[in-house]
Amino acid sequence: MDTMVTSLPVLSTAPAPPEHLTPPVRRETRQIDVGGVKVGGGAPISVQSMTTTPTHDVNATLQQIAALNASGVDIVRVAVPRQEDADALAAIAKQSTVPVVSDIHFQWKYAMAAIEAGVAKVRINPGNIHKAGDTSKVKVIGDAAKDAGIPIRIGVNGGSLEKRLLEKHGGVTPAALVESALDEVKILEDVDFTDIAISVKHSDPWTMIQTYRLLSTQTDYPLHLGVTESGPLKTGRVKSAVGLGALLSEGIGDTIRVSLSADPVEEVKAGIEILEALHLRERGLDVVSCPSCGRAEVDVYTLAENVQKGLEGIDVPLRVAVMGCVVNGPGEAREADLGVAAGKGKGQILKKGEVLWTVAEDEIVETLVYMANEMAEEIRAERGDGSPAVVS
């Protein structure tokens, strides 16, 4: 995929990071192939999102997939609630710029249509794909997917757990969610289908964390992480960062989706930022700035915001510090690739720890933006490629 560049000169020649900056040790899992994107088995953690367009509107759906691809997504899921959506899958799968996953609920025939259409993966929900306990149709789906070489994600959700498990466990508990997933695994394994990924999502981050921890001790299938129905952008990013971050820091998780009531591009941005923060993906732009503090001698809020806006197009690893006091400012600015230690209406500009010159406060943003873009071009030239890199 365009976004999955894995062998760049700058990575092969760079020294190993300090021990305290090495990423978490990943849980060992099996590996599946989702339309060319490897999931599990030590592959880089992939970022997923889901289209919000009516799937049967092929042009609108492909346009949104293209926008998600441009934002760095690795895998995109589309909803298939109607026959007309199932009918559109072949055209979407053929023309999509990234692997397409079909999201199937209730109608097993739509899963069969998705497999025939050549999607990259099929997601089924145990809570609503069975009919009165009849699992025969799941076995039919497994047989068809095995013949086509298409993986299946078993997607358990707290909001659609089977009634029998709700009664057995007294509600939606980690044990109930895990039992639902493993029961479905057993159904597929009975037809010799093991090309499986699993998710056990919940809207409460703490419940979600406990559930994935429990599941990770009972299976070696790759895990798709997510806090489902996490909410609008502001609160949803926080819940997702807590839930996904806790698990990823323990080495649990092979592919992720940040579920937001927002433009799906925001889901991708948030997912990438979570991986970058844990050193599970090479960092792009990282703007460091002062928190609220009475020691600040310049308008740090405005400076940091304007610098962030001015550098939005930078997609290479570059740390820029915008600091506004004499306590942490000089030290943080020296640690960054580029920075300013500002105070009393002016700022010292530092590059790689060296003070270059002092500029007036109203010249800081323009200076940093110009120099950051210049440094980004140098990094791209060293690589010989303008694409961001993904590290395992």
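Can you send over the carbon and sulfur percentage of the accessible area for the range 36-181, probe radius 1.4 Å, protein chains only?
51 percent
Give me the compactness ratio for the range 95-182, meaning the Cα radius of gyration over 2.2 N^0.38 Å.
1.15
Using bins 10 angstrom wide from zero, how does P(r) for the range 182-298 break down, in % of all Cα pairs?
Taking every Cα pair in the range 182-298, the percentages come to 13, 37, 29, 15, 4, 2, 1.
Roughly speaking, what is the stretch gain from ASP263 to ARG319, that is 0.36 nm per residue apart minus the C-alpha to C-alpha distance, in nm to one decimal?
Contour length minus the Cα-Cα distance gives 17.5 nm.
Dipole of the chain, Cα-centred, from +1 at each Lys and Arg C-beta and -1 at each Asp and Glu C-beta, to the nearest 20 debye?
Roughly 880 debye for the chain.
Percentage of Cα-Cα pair distances in the range 35-140 greater than 22 Å, rounded to whole percent?
Across the range 35-140, Cα pairs with separations above 22 Å total 31 percent.
What's the carbon and sulfur percent of the range 226-308's accessible surface, probe 1.4 angstrom, rounded to a whole number?
Carbon and sulfur together cover 53 percent of it.
Could you give me the percent of Cα pairs per 20 Å distance bin for the chain, shortest bin first, beginning at zero and ending with the bin that holds the maximum distance?
Distribution as computed: 26, 51, 20, 2 percent.
Can you sort LYS269, LYS351 by 1.4 Å-probe accessible area, starting with the largest?
LYS269, LYS351
Okay, helix-only estimate at 222 nm for the chain: each DSSP H run of n ≥ 4 adds -39500 (n - 2.57), divide by all residues, round to 500 deg cm²/dmol; what do you get?
-13000 deg cm²/dmol
Can you pull out the trypsin sites (Lys or Arg not before Pro) in the range 82-190 that DSSP calls coil and that have at most 15 other Cβ atoms within 10 Å?
For trypsin sites (Lys or Arg not before Pro) across the range 82-190 that sit outside H, G, I, E and B with at most 15 neighbouring Cβ atoms in 10 Å, the list reads ARG82.
Heavy-atom accessible area per residue, the chain, 1.4 Å probe: how many Å²?
Accessible area per residue: 44 Å².
At a Förster distance of 22 Å, what's the computed FRET efficiency of ALA90 paired with ASN128, Cβ-Cβ distance as r, to 0.05?
It comes to 0.35.
If you count only protein heavy atoms and use a 1.4 Å probe, how large is the accessible surface of MET323, to the nearest 10 Å²?
Approximately 10 Å² for this residue.
Please list, or write none, the aspartates and glutamates whose alpha carbon is within less than 19 Å of the alpha carbon of LYS269, excluding same-chain residues fewer than 8 places away.
Reachable aspartates and glutamates: ASP2, ASP74, GLU229, ASP254, GLU282, ASP286, GLU305, GLU312, ASP315.
Once you have the Kirkwood Rh of the range 164-248 from its Cα pairs, apply Stokes-Einstein at 37 °C and 0.692 mPa s and quote D in µm²/s.
Stokes-Einstein gives a translational diffusion coefficient of 242 µm²/s.
The values are calculated or read from the model by the stated rules, or taken from the named source; none is laboratory data. Just so we're clear, the structure is a prediction, and the values are computed from it rather than from any experiment. Please note: Cβ atoms are built from the backbone with ideal geometry, for glycine as well, and neighbour counts cover all protein chains shown. Ligands, DNA and RNA are excluded from the accessible area calculation, which covers all protein heavy atoms including side chains. Shrake-Rupley method; radii C 1.70, N 1.55, O 1.52, S 1.80 Å.
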